[in-house]
Amino acid sequence: MPSLEFSRMMAIGEGERLWGLYGFQEPSDLVLEDLALARKVLVTDGPLDGMEARLVRNGSCGLIRVKESIPESGRRRFAIAHELGHWELHKSKSQIFVCTADDMIASYKASVEEAEANFFASGLLMPSGPFSQRRGNGVFSVEMISNLAKYFATSLTATAIRYVDVSSESCAVVVSSEGRIRWWRGSQEFEDRFWLDARAKLSTNTVAGSVFSGGRQPQGPEEVDIAAWSERGANDAEEGIFLEECLIIERYHQIISLLRMP
């Protein structure tokens, strides 16, 4: 079985290949419904229970149905790109792919196919060349992620994941709900040094934890002890602190935390 790193590189590369094949210059050039049709896939919106999107393959033609109630255009675009990933990468795997919201963030413990579909979507929507050029030498921050998400017409979550995936900095994105870590993703540098316990209860010494427990509003980047987030590496870091910046997503009762070294 290929390693996750091999799968990641292959899937991202395939997404970026399509960007180049059709000569896209700007994210606004990428109309996913048109691209899908060029690949012999029709995209429709409609009711779906318990899933974000579904791909049905019938020989050389396919149909993607996207949940009609998805409120954000960036999230809808990622769902389409994810299903296109299944279409392009998994021809011999299955004739039907049914994908939930959790599948759209799949990585470590998910099926190889779901992880690859996400990597493909990231490469297609945010190819490394334009993405790196756009972010330049900026700092990993809510402002940076918001600006990138607006430019690439992607969700804040997908954009933050893409940022840490290509970053050489020590940084991570953490999504929490109901006072617990739901999932997280770190850059290679971050994961080599630190590790967060998914599903763990947030410490009130974290900004996100204090927001959940006390309802206060985050005030830009704040210094927090590394040990409040990660036991591993806390004693080895010279500064001993993360900078944590939070974004409250009220619609989903979630908090996105951006962690980086000072």
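Each value in this text was obtained by applying a stated rule to the coordinates, not by laboratory testing. Since the structure is predicted, the reported quantities are computational estimates derived from the model, not experimental observations. Positions of Cβ are generated from backbone atoms using ideal geometry, with glycine treated the same way; all protein chains shown enter the neighbour counts.
Things to note:
- Prolate/oblate/rounded label for the stretch 167-260 (Cα gyration tensor, a/c 1.5): prolate
- In the chain, taking the dipole from charged Cβ atoms about the Cα centre, the farthest positive-side position among M104, A200, S210 is held by M104.
- Residue among A198, A11, A81 with the largest mean-square fluctuation in a Gaussian network model of the chain, springs linking Cα atoms under 10 Å: A198
- In nm, spacing of pseudo-spin labels at N58 and S168 (7 Å Cα→C-beta vector): 5.0
- Put in line by how crowded their Cβ is, counting other Cβ atoms within 10 Å and starting with the fewest, H86, H253 read H253, H86.
- Which labelled figure in [x] 23.9, 93; [y] 18.6, 57; [z] 21.4, 71 is Rg and Dmax of the Cα atoms in Å, once derived from the coordinates: [y]
- Antiparallel %, DSSP beta bridges [both residues in the stretch 4-126], to 5: 60
- Loop GluC sites (Glu not before Pro), the stretch 76-183 (other Cβ atoms within 10 Å of the site Cβ: 10 or fewer; DSSP): E178
- Gaussian network model of the chain, springs between alpha carbon atoms under 10 Å - residue of P130, P71, P221 with greatest fluctuation: P71
- Segment A200-S177, length gained on full extension (0.36 nm per residue, minus Cα span): 7.2 nm
- Among I64, G123, W19 - extreme Cα towards positive end, dipole of the stretch 4-126, charges at beta-carbon: I64
- Dipole magnitude for the stretch 167-260: computed about the Cα centre from +1 point charges on Lys and Arg Cβ and -1 point charges on Asp and Glu Cβ, it is near 580 debye.
- Overall form of the stretch 4-126 per C-alpha gyration tensor (a/c, 1.5; a/b vs b/c): rounded
- Dipole in debye (nearest 20) - the chain, about Cα centre, beta carbon charges: Lys, Arg +1; Asp, Glu -1: 800
- Net lengthening on full extension, R251/E26 (0.36 nm per residue, minus Cα-Cα): 78.0 nm
- Excluding same-chain neighbours fewer than eight residues apart, the aspartates and glutamates reachable from K201 by a Cα-Cα span under 19 Å are E178, D225, E231, E244, E245.
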